[in-house]
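Before any comments, here is the structure.
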């Protein structure tokens, strides 16, 4: 893997760990650089500012979750895996606790390119029509603020898959 990509992944991983500890509002580039074991200058070589870095985290998470779902053996397993990942994410949990405005932005569906990508990815993963993609998306978004236990994730994934 190229050094540039490793640095970017370290930054995003460090940022996600800091957010899990203090939330996005209290995170800062000094703590992120420390967690990523890189210099602040390296962060600014990858991202113009904090907002761009936060969008990078969202994009990386969308890509990671897409890979998780695509590698699942069935629609049920894909739904279950996505649910489990979202419901157990410590950074999301901390943001729900401390960063209400950011959570509202994350769960507000819009015509932003990342939302378009999420929609397209869900359609590709589940071979679903527009209505079913909307149903899946809203089910997953609800778990940002109301995480499910693994048994709940499993039961609801099975029920939702049967509707697709």
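Each residue in the range 17-28 was checked for being surrounded by 20 or more Cβ atoms within 10 Å (Cβ to Cβ) and in a helix (DSSP H, G or I), and 2 of them qualify. Of all the listed residues (92, 82), the sole one being under 18 Å from residue 68 (Cβ atoms), under 12 Å from the mean Cα position of the chain (by Cα), modelled with pLDDT under 90 and buried (at least 16 other Cβ atoms within 10 Å of the Cβ) is 92. For the range 71-115, residues that are closer than 15 Å to residue 24 by Cα and in a helix (DSSP H, G or I) total 16. Condition check for residue 64 on (1) within 14 Å of the chain's Cα centre (by Cα); (2) surrounded by 13 or more Cβ atoms within 10 Å (Cβ to Cβ); (3) without any contact (Cβ under 8 Å) to a residue 40 or more places away in the chain: one failure, at (2). The single condition from (1) surrounded by 14 or more Cβ atoms within 10 Å (Cβ to Cβ); (2) in a helix (DSSP H, G or I); (3) without any contact (Cβ under 8 Å) to a residue 24 or more places away in the chain; (4) more than 16 Å from the chain's Cα centre (by Cα) that residue 13 fails is (4).
With respect to residue 46, is the statement that it is crowded, with 16+ Cβ neighbours inside 10 Å and either in contact with a strand residue (DSSP E or B) (Cβ under 9 Å, 6 or more places away or on another chain) or more than 19 Å from residue 96 (Cα to Cα) (or both) true? Yes; evaluated as a whole, the condition is true for this residue. Taking the condition at negative phi, crowded, with 17+ Cβ neighbours inside 10 Å and touching a helix residue (DSSP H, G or I) at 6+ places or on another chain (Cβ under 6 Å), does residue 164 pass? Taking the combined requirement at face value, the residue does not satisfy it. Scoring residue 109 on the criteria (1) in contact with a helix residue (DSSP H, G or I) (Cβ under 6 Å, 6 or more places away or on another chain); (2) crowded, with 16+ Cβ neighbours inside 10 Å leaves a single failure, condition (2).
The values are calculated or read from the model by the stated rules, or taken from the named source; none is laboratory data. The shown structure was predicted, so the numbers you read here are calculated from the model rather than taken from an experiment. Ideal geometry is used to build each Cβ from the backbone, glycine not excepted, and the neighbour counts take in all protein chains shown.
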